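Note sheet for the following structure.
The values are calculated or read from the model by the stated rules, or taken from the named source; none is laboratory data. Just so you know, these numbers come straight off a predicted model, no measurement behind them. Cβ placement follows ideal geometry from the backbone for every residue including glycine, while neighbour counts extend to all protein chains displayed.
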Amino acid sequence: MTAATGLSLYDRTADRAASTVIAGYSTSFGLACRLLGRRVRTHVRVIYALVRIADEIVDGPAAEAGLDRDATRRAIDDLEAETLRALDEGFSANLVVHAFARTARECGIGADLVRPFFASMRTDLDTREHDEASRIGYIYGSAEVVGLMCLQVFVNAGRRDRVLPDRLVREGARRLGAAFQEINFLRDAADDRSRLGRDYLGTSATPRARAASLARIEQDLDAAARCIPLLPPDCRRAVALAHALFSALAARLATAGGDERVRVSTPHKALLAVRVLLLDPFTGGAS
């Protein structure tokens with residue numbers, strides 16, 4: 001096999017850089033991602049690598065490095081501008097942005113999904129307590145569009161002619177993303193308040209607010225579950241595992257104290273993975 005050179009080598013290096021970012025930040029995501037088919041696995045990793053970098057900019061590391069709020073805003077603005085430019089040009093000197101742009105151009109991820117994401121990241125610099133309207137908008141930009149990006153990969157990776165995902169499946173992708181985000185809001189509520197000075201749920205420490213959030217999560221997870229059988233076979237098990245992991249977190253949140261950060265143990269994660277591998281609960285039959 002001829003060794004990769006030039007742009008081919010640069011592309012591969014960019015993909016590896018994105019995988020390194022994900023490996024450093026998320027074990028649960030890495031577990032689910034390994035169940036994705038090779039056709040889509042790298043594409044999903046690079047999406048989450050870009051998302052993670054943007055999230056980290058506004059969640060502390062930039063400030064710890066000495067950037068004030070204006071400088072942090074410039075950093076997130078610059079990352080968005082570089083990403084949008086790479087969508088047009090197909091190249092970036094930022095390896096993770098380059099990898100994301102390659103995925104976006106192949107799978108049909110456009111500025112209509114990228115811009116809302118970065119808008120939500122900027123919201124973290126300005127909004128300390130969300131009301132219902134701002135919470136809905138924030139969740140759309142920070143999580144639902146990420147689900148839609150992944151869905152574009154699921155249906156279009158490796159295709160010559162891109163297709164638009166079915167409306168029902170798009171709704172499922174959005175609601176799964178919303179459930180994931182709101183679960184994270186509840187898990188991280190104490191840290192968000194004390195370290196970042198944010199309240200995503202609006203007086204999130206109150207039992208009433210927690211109950212309303214848990215009800216929304218249950219409804220979103222149920223709606224998303226109905227759409228998983230409609231996904232391509234090489235994507236379904238990974239999404240099913242992610243759904244199972246977050247459902248387990250939701251169940252623990254329902255019985256935990258308000259400031260307790262719940263988690264799913266490593267043995268429980270492994271058990272859920274085995275169940276998904278041996279029996280697909282969304283088709284009702286053995287795999």
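For the range 156-179, which residues satisfy the criterion of being out of contact with any Asp or Glu (no Cβ under 9 Å at 6 or more places or on another chain) and either of a type outside the set (A, V, I, L, M, F, W, C) or under 24 Å from Phe29 (Cβ atoms) (or both)? Before the answer, list the steps.
Residues of the range 156-179 that are out of contact with any Asp or Glu (no Cβ under 9 Å at 6 or more places or on another chain), as a first pass: 160-161, 163-172.
Passing the criteria: Arg160, Asp161, Pro165, Asp166, Arg167, Val169, Arg170, Glu171, Gly172.
Quick test for you: out of Arg170, Arg210, pick the one residue that is among the charged types (D, E, K, R), assigned to a helix (DSSP H, G or I) and within 18 Å of the chain's Cα centre (by Cα).
On the way: Arg210 fails: within 18 Å of the chain's Cα centre (by Cα).
Only one candidate qualifies: Arg170.
Hey, among the residues in the range 159-188 that are of a type in the set (Lys, Arg) and out of contact with any Leu (no Cβ under 9 Å at 6 or more places or on another chain), which one's modelled with the highest pLDDT?
So the residue we want is Arg167.
Only one of these is outside any helix (DSSP H, G or I) and more than 30 Å from Val40 (Cβ to Cβ): Leu201, Leu125. Name it. Reasoning before the result, please.
Details: Leu125 fails: outside any helix (DSSP H, G or I).
Criteria check complete, one pass: Leu201.
Looking only at residues in the range 30-39 that are modelled with pLDDT under 85 and crowded, with 18+ Cβ neighbours inside 10 Å, which one is farthest from Gly158 (Cα to Cα)?
So the first thing to find is which residues in the range 30-39 are modelled with pLDDT under 85, and the list is 30-32.
Filter once more, keeping what is crowded, with 18+ Cβ neighbours inside 10 Å: 31-32.
Details: Leu31: 23, Ala32: 21 Å.
This residue is Leu31.
Here are some residues: Val153, Val146. Which one is over 23 Å from Gly60 (Cα atoms) and among the β-branched types (Val, Ile, Thr)?
Of Val153, Val146, the one residue that is over 23 Å from Gly60 (Cα atoms) and among the β-branched types (Val, Ile, Thr) is Val153.
Going by the conditions given, is Val146 modelled with pLDDT under 95, of a type outside the set (Asp, Glu) and closer than 23 Å to Arg38 by Cβ?
Working: modelled with pLDDT under 95: no; of a type outside the set (Asp, Glu): yes; closer than 23 Å to Arg38 by Cβ: yes.
Taking the combined requirement at face value, the residue does not satisfy it.
So which of Ile109, Ile76 is part of a loop (DSSP other than H, G, I, E, B), touching a helix residue (DSSP H, G or I) at 6+ places or on another chain (Cβ under 7 Å) and under 21 Å from Gly177 (Cβ atoms)? Steps first, answer last, please.
Details: Ile76 fails: part of a loop (DSSP other than H, G, I, E, B).
From the options Ile109, Ile76, the qualifying one is Ile109.
Restricted to the range 166-176, and to residues that are under 13 Å from Ile228 (Cα atoms) and out of contact with any Lys or Arg (no Cβ under 9 Å at 6 or more places or on another chain), which residue is surrounded by the most Cβ atoms within 10 Å (Cβ to Cβ)?
First, the residues of the range 166-176 that are under 13 Å from Ile228 (Cα atoms): 166, 168-176.
If we keep only those that are out of contact with any Lys or Arg (no Cβ under 9 Å at 6 or more places or on another chain) too, we end up with 166, 169-171, 173-176.
Working: Asp166: 13, Val169: 17, Arg170: 18, Glu171: 17, Ala173: 25, Arg174: 23, Arg175: 23, Leu176: 27.
Checked the range 166-176; the qualifying residue surrounded by the most Cβ atoms within 10 Å (Cβ to Cβ) is Leu176.
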